[in-house]
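K.L.:
First the structure, then my questions, so here it is.
The values are calculated or read from the model by the stated rules, or taken from the named source; none is laboratory data. Computed from a predicted structure; not experimentally measured. Backbone-built Cβ (ideal geometry, glycine too); neighbour counts: all protein chains shown.
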Amino acid sequence: MARSDVAKTKDAEGRRAPRQRAFLRAKLSYRDGAISFDCVVTQISATGAKISLPEELTLPERFRIEVAVKNIDRAAKLVRRDAEGAAIAFVDEDAGVELTMPALKQRLRVLEAENKMLRANCDALAAQLTRANASY
């Protein structure tokens, strides 16, 4: 979309999507969920949100946000941080993913190999469970 087209799609406050006031409990996480903490969503739109969180909490550039009551679980990026909280934008998780046929075939091979390994692990665990139940 050209810069002039983006400007035409913004509202009077310069936003691409209308925002709603909110008071919603949310969970932010990063490092594949290894680090997470709660926050409050105070404004939300289709393209992002404003969140309230303590100033001493460090927020990485990219993370996930989950708002259970709105059934939202999205990748997000930090737009602005201040003492009261942060402005975030939802991001497309597939941005930058190569969608050529060779790349897709390679991704499929990787996923099939991972699936095979997981099935073998499940079979091993099921066998252990069967042995454990037989010994009781």
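K.L.:
I want to confirm something. Restricting to the range 22-36 and keeping residues that are under 14 Å from the mean Cα position of the chain (by Cα) and surrounded by 15 or more Cβ atoms within 10 Å (Cβ to Cβ), which single residue is modelled with the lowest pLDDT? Give the derivation first.
P.N.:
Filtering the range 22-36 for residues under 14 Å from the mean Cα position of the chain (by Cα) gives 26-36.
Checking which are surrounded by 15 or more Cβ atoms within 10 Å (Cβ to Cβ) leaves us with 26-30.
Numbers: Ala26: 96, Lys27: 96, Leu28: 95, Ser29: 95, Tyr30: 92.
My answer is Tyr30.
K.L.:
Just a yes or no: is a residue in the range 66-88 modelled with pLDDT under 90, farther than 23 Å from Gln20 by Cα and either loosely packed, with under 12 Cβ neighbours inside 10 Å or over 24 Å from the mean Cα position of the chain (by Cα) (or both)?
P.N.:
Checked against the condition, which is being modelled with pLDDT under 90, farther than 23 Å from Gln20 by Cα and either loosely packed, with under 12 Cβ neighbours inside 10 Å or over 24 Å from the mean Cα position of the chain (by Cα) (or both), the range 66-88 yields no hits at all.
K.L.:
Among the residues in the range 107-123, are any in a helix (DSSP H, G or I), surrounded by 10 or more Cβ atoms within 10 Å (Cβ to Cβ) and in contact (Cβ under 8 Å) with a residue 24 or more places away in the chain?
P.N.:
no
K.L.:
For the range 37-61, name all the residues that are under 21 Å from Asp92 (Cα atoms) and either surrounded by 13 or more Cβ atoms within 10 Å (Cβ to Cβ) or among the β-branched types (Val, Ile, Thr) (or both).
P.N.:
Going residue by residue through the range 37-61, those that are under 21 Å from Asp92 (Cα atoms) are 41, 43-51, 59-61.
If the condition is that a residue be under 21 Å from Asp92 (Cα atoms) and either surrounded by 13 or more Cβ atoms within 10 Å (Cβ to Cβ) or among the β-branched types (Val, Ile, Thr) (or both), then Val41, Gln43, Ile44, Ser45, Thr47, Gly48, Ala49, Lys50, Ile51, Leu59 are the ones that fit.
K.L.:
Confirm whether Ser36 is among the hydroxyl-bearing types (Ser, Thr, Tyr) and in contact (Cβ under 8 Å) with a residue 12 or more places away in the chain.
P.N.:
Working: among the hydroxyl-bearing types (Ser, Thr, Tyr): yes; in contact (Cβ under 8 Å) with a residue 12 or more places away in the chain: no.
Judged against the criteria, Ser36 is not a match.
K.L.:
Would you confirm, using the coordinates I've provided, whether Asp73 is outside any strand (DSSP E or B) and either without any contact (Cβ under 8 Å) to a residue 12 or more places away in the chain or touching a His at 6+ places or on another chain (Cβ under 6 Å) (or both)? Before you say what the answer is, go through the steps one by one.
P.N.:
Details: outside any strand (DSSP E or B): no; either without any contact (Cβ under 8 Å) to a residue 12 or more places away in the chain or touching a His at 6+ places or on another chain (Cβ under 6 Å) (or both): yes.
It is false that Asp73 is outside any strand (DSSP E or B) and either without any contact (Cβ under 8 Å) to a residue 12 or more places away in the chain or touching a His at 6+ places or on another chain (Cβ under 6 Å) (or both).
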